[in-house]
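All of the numbers you see were taken from the coordinates with simple rules; none came from a lab. Just so we're clear, the structure is a prediction, and the values are computed from it rather than from any experiment. Here the Cβ positions follow ideal geometry from the backbone for every residue, glycine too, while neighbour counts run over all protein chains shown.
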Amino acid sequence: MRKKLKWLPLFSTNFAGVLNDNLLKTLIGFVGVLWIGPDSKATLVSAAAALLVLPYIFLSPWAGKLAKEHPKATIIKAAKLAEIPIMILAAFGFVFTNIYVVMTAMFLMGTQSCIYSPSKYGIIRDIGGTKGISFGTGAMEMLTFVAVLTGTFLGGYISDLGQYFSNNTPLIILCTSFIVLALVGWLASLRIQVHETEPEDDSSDTLNPFLFPFRWYKWSKQIKGLNYTVLGLSIFWLIGSMVQMNLYIYCEEVLYLSNTATGTIMALVAVGIGAGCYFAGVISNHKVNTKLVPIGGMGMALSMLIILAAKPDVILFTILIIIFAFFAGLFKIPLNAFMQDKVKGRELGPVIAYNNQMVFLAILFSAGIFSLVEAAFDARMVFVAVLLITLAITAIVYIKLPGVRNNY
């Protein structure tokens with residue numbers, strides 16, 4: 001029991017932050033669009049996603065350097081403290097129905113999340129040791145997607161209350177939730193107790209966001225399969241981002257669902273990914289099992305193919321998209337575990353930052369793909385694009401990732 005409790009502060013800290021991120025992001029999609037007109041919905045959803053990820057592209061080098069030169073627990077605590085005024089700003093934005101204030105808060109939340117991301121993932125190995133990597137990564141990712149679920153569902157539910165804020169009750173609930181979650185996350189971070197490896201006094205890592213990925217791409221070439229791991233994780237998030245953005249459109253225009261129903265489906269997708277993450281962490285049995293990666297990829301491709309071929313009703317679509325999400329979790333966790341197992345010492349922080357930069361560049365790219373495909377065709381063609389990308393990355397990791405076709 002004590003072994004499990006040592007993870008609780010980190011898991012709680014991360015859960016509260018991810019829930020806040022997704023509550024804010026979902027409410028922008030459901031409520032913010034009402035302030036600027038429904039014709040701008042796809043553009044607003046894409047812009048919110050872009051503002052959340054831009055800091056990861058430009059500030060990841062700094063985040064990696066911080067995780068290398070300072071105690072990771074200290075960075076986590078400082079970042080969670082900064083979340084409190086950011087969410088107060090978001091609450092003001094909704095009170096005054098000002099999309100610019102809300103979008104500014106979205107950008108600041110992306111910045112805050114970027115700064116402590118290498119530290120919160122890098123500290124997993126410090127808490128659980130090498131044998132705890134798969135469990136710690138799988139469990140934290142499961143709880144992350146449960147937080148995505150909760151934030152997405154609450155965002156849809158709150159947006160439907162009181163005919164979109166025609167009375168003050170939903171607004172009070174929303175603003176209180178933002179601030180309370182920020183406080184809970186900060187208080188949980190204060191309980192993180194861990195013995196870390198000694199920080200480096202002054203690393204020579206570049207802070208140039210354009211040079212940083214090239215340097216760490218070259219460094220990662222010395223570890224067989226590491227750059228393909230980064231590629232796999234980047235494409236995972238590209239696919240996930242496209243699916244999430246497309247659900248806003250597909251559920252409304254094809255399935256004719258309300259915001260609450262759409263939020264419920266998006267929440268169930270998060271449950272599916274979380275279940276896949278946890279399952280991958282458990283069945284790996286203290287080892288890194290990269291054989292799960294192509295299994296996850298083929299499961300994703302098959303379920304998406306059935307969605308496109310069967311043109312399912314609401315119930316069948318929900319079941320299939322949950323199956324897709326489960327296999328996505330199965331695809332993701334071995335890649336995270338491979339990275340944490342292979343990269344030793346304080347180099348892990350910059351490598352996670354390099355991975356974050358590539359992941360969020362892929363997410364930003366996904367916003368562009370989504371906007372172009374949805375505008376030129378329709379929501380179904382976005383799912384066709386998802387299917388093709390999934391098949392391509394599954395083939396790549398099957399051929400290139402160590403341990404998939406032979407012993408790890």
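Packing, taken as the mean count of other beta carbons within 10 Å per residue, orders the peptides 143-154, 298-309 from highest to lowest as 143-154, 298-309. One equal scatterer on each Cα of the stretch 292-338, no solvent, Debye formula: the resulting log10 I(q)/I(0) at q = 0.24, 0.28, 0.30 Å⁻¹ is -0.75, -0.90, -0.97.
Over all Cα atoms in the stretch 348-408, the spread is summed up by Rg and Dmax: 15.4, 46 Å. Pairwise inverse Cα distances across the stretch 139-262, averaged and inverted, put the Kirkwood hydrodynamic radius at 19.3 Å. Packing-based ranking of 117-124, 363-370 yields 117-124, 363-370, ordered from highest to lowest mean Cβ neighbour count within 10 Å.
Panel values: the stretch 260-408, Kirkwood radius from alpha carbon pairs, Stokes-Einstein at 25 °C and 0.890 mPa s, translational diffusion coefficient 148 µm²/s.
Here the convex hull built on the C-alpha positions of the chain has a volume of 128 cubic angstrom per residue.
Maximal additional length on extending the K221-N98 stretch stands at 39.6 nm, based on 0.36 nm per residue less the C-alpha distance.
Expressed in units of 2.2 N^0.38 Å, where N is the residue count, the Cα radius of gyration of the stretch 250-341 is 1.20. Screening the chain for DSSP H helices whose Cα atoms reach 24 Å or more along their own axis and whose mean Kyte hydropathy is at least 1.6 gives 168-189, 292-310, 314-342, 379-400. When the alpha carbon coordinates of the stretch 335-381 are projected onto the principal axes, the ranges are 48, 16, 7 Å, largest first. The alpha-carbon atoms of the stretch 224-274 define a convex hull whose volume equals 66 cubic angstrom per residue. Run a plain Debye calculation on the stretch 76-130 (Cα atoms as equal point scatterers, no solvent) and give log10 I(q)/I(0) at q = 0.17, 0.23, 0.31 Å⁻¹, rounded to two decimals, same order as the q list. Debye intensities relative to I(0), on a log10 scale: -0.58, -0.81, -1.10.
Cβ-Cβ distance of T176 and F365, R₀ of 30 Å, FRET efficiency by 1/(1 + (r/R0)^6): the value works out to about 0.25.
Counting every C-alpha pair in the stretch 189-306, the share spaced more than 25 angstrom apart comes to 51%. For the stretch 23-176, the Kirkwood hydrodynamic radius from C-alpha pairs, put into Stokes-Einstein at 25 °C and a viscosity of 0.890 mPa s, yields a diffusion coefficient of 145 µm² per second.
Helices in the chain, meaning DSSP H runs of at least 4 residues, each add -39500 (n - 2.57). Divided by all residues, the mean residue ellipticity at 222 nm is -27500 deg cm²/dmol.
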